[in-house]
Each structure stands twice: as C-alpha cells, then as structure tokens.
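Step one of this worksheet: look at the structure below.
The values are calculated or read from the model by the stated rules, or taken from the named source; none is laboratory data. Note that this is a predicted model, so its numbers are computed, not measured. All Cβ positions, glycine included, derive from the backbone under ideal geometry; neighbour counts span all protein chains shown.
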Amino acid sequence: MLERAKEKALFGWGSYDRNQIMNPTNGVIETITDGRWIILIGQFGWLGFLAEFGLLVLPIFLLWREVRYRDPEHYSPLIVPLSVILAVNVFDMLPNATLTPLTWLMAGALTGYAETLRNGRATYRSSQQLQWRPVL
C-alpha cells in the first residue's frame, strides 16, 4: 500500500478504490486497508493526511495556548478530560479507521471553547493585577 501511495505522494489517488492494489488478471482487489493513516495517504496524499489529522489535533493546541497562562478557576475543568478523550481517539485512529462524527463533534466543541477563551483574553488580562506567568 505504501509503494502504491508513493506513486502519488502529495495528492493521492483519489476515491473509488484507485489507491488499492488489484490483481491484473481478474481485477479483484488484493489489499485491505484498516488504518486511517494509510487510507488518507492513499486517497488524498500527505496533504490530505495532514489536513484531516491537523484539524483534529488543532483544538488541543489552541486550548493549551489559551490555558497555560490562566489560573484553573478561569476555565472549565471539563476541557481537560474532553481533550484527553480527543487525543486518545485521534491516536487510536492511526492503526484503526474509527473516525466517527463524535470525533468531529469533540474537535469542534473544543475549538469553539478555545475561541471563546481567546476572545476573552483581553478581559482576563485587564482583570489580573499580577504579571502574566505560565502556570505549570
């Protein structure tokens, strides 16, 4: 599968099983793809892989950026377990193709909350009397 994906590494083969390896004599598909990473690289290339996994991991980095300078009482404690669930789910998608709408829902909810924290950053800064420091 990787040898086939290397032939069109940047954008991939597209859909309709063109990324699969077929038997030239009878036309039967000889491969079974299980991991989400090989499906994405075969169909959409490295750009598609980075786009999908980047969109799924982006909320974790956005939340980290927003909460690292805040005290824990200034953001919801529910974002920590939800971020861990999303990270474990994305990590599990590498060997297994288990992308569900719930994964996209978690990523969207965490991104929305990170944007809410970003919009309230100026208000939070003005309310703090002490110099900003990272909370470890």
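Results, tabulated for the structure shown:
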{"read-out": "The stretch 1-16 residues that are surrounded by 10 or more Cβ atoms within 10 Å (Cβ to Cβ), paired with ones that are at pLDDT 70 or above and among the hydroxyl-bearing types (Ser, Thr, Tyr) (beta carbon under 9 Å, 6 or more apart)", "value": "Met1/Thr31; Met1/Thr33; Arg4/Thr31"}
{"read-out": "Residue check, Leu63 in a helix (DSSP H, G or I) and more than 30 Å from Trp13 (Cβ to Cβ)", "value": "yes"}
{"read-out": "Candidate set from the stretch 84-136 (those that are at pLDDT below 85 and closer than 30 Å to Trp37 by Cα); member that is surrounded by the fewest Cβ atoms within 10 Å (Cβ to Cβ)", "value": "Asn96"}
{"read-out": "Hits in the stretch 39-95 (condition: within 13 Å of the chain's Cα centre (by Cα), over 30 Å from Asp17 (Cα atoms) and of a type in the set (A, V, I, L, M))", "value": "Ile60, Leu62, Val84, Ile85"}
{"read-out": "One residue from Arg70, Arg65, Arg118, Arg36 being within 30 Å of Arg4 (Cβ to Cβ) and in contact (Cβ under 8 Å) with a residue 40 or more places away in the chain", "value": "Arg36"}
